[in-house]
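First comes the structure, then the notes that go with it.
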Amino acid sequence: MSDQIAIHALNKLLGAEYESLIPRLGEADPFVSWPAADDRALIKRMLADVEAHERDLIEMITSLRGAPMTPRYSTETSGLHYIKLDYIMPAVIDSVRQLIGIYESVGATGHSASDALIARNLANYQAYLTALEKMHSNLAQPVKT
């Protein structure tokens, strides 16, 4: 039974990874101005990690004899072409916050390897959020509800 709970949780996270703004940045390749060069370097690392997250989630789901969900994309992320990277950084930060919230909402699955993967990905996003907030401390912080 815990395998089914883990498969459901992992698929929920895989869906969130697919719908995130971050993978779309690699496809859209927004214009990088000189002030946004540090952002681009961080985003490049994030893109590699998102790809690894998706791969690891799929591998874990299949190891539990589950079926990974098919990729789906949010239509909100479709308009990124011809945009400056520094213009969309607040949306990138918000996307990382949303991913953290989804990872936190999943909780324990009862499957130790799945829980370790979830914790590792969550810690990864939390580290990125810390770096992004430090780099963009001038941006308004979200209101906690």
key: Estimated vicinal HN-Hα couplings, Hz - the range 4-15 in sequence order (Karplus 6.51, -1.76, 1.60; Gly, Pro = x)   = 5, 5, 5, 4, 4, 5, 5, 5, 4, 5, 4, x
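Counting only protein chains, not ligands or nucleic acids, how are 63, 95 ordered by accessible area (probe 1.4 Å), most first? Kindly include the intermediate steps, with their values, before the conclusion.
On the way: 63 80, 95 10 Å².
So, going from the largest accessible area down, we get 63, 95.
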ask   = Counting Lys and Arg as +1 and Asp and Glu as -1, what is the net charge of the other residues whose Cβ lies under 13 Å from the Cβ of residue 14?
value = -3
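The values are calculated or read from the model by the stated rules, or taken from the named source; none is laboratory data. Just so it is clear, the structure is predicted and the values come from calculations on it, not from any experiment. Note that we place each Cβ from the backbone using ideal geometry, even for glycine, and neighbour counts take in every protein chain shown. Keep in mind that these areas ignore ligands, DNA and RNA; they rest on the heavy atoms of the full protein, side chains included. Shrake-Rupley method; radii C 1.70, N 1.55, O 1.52, S 1.80 Å.
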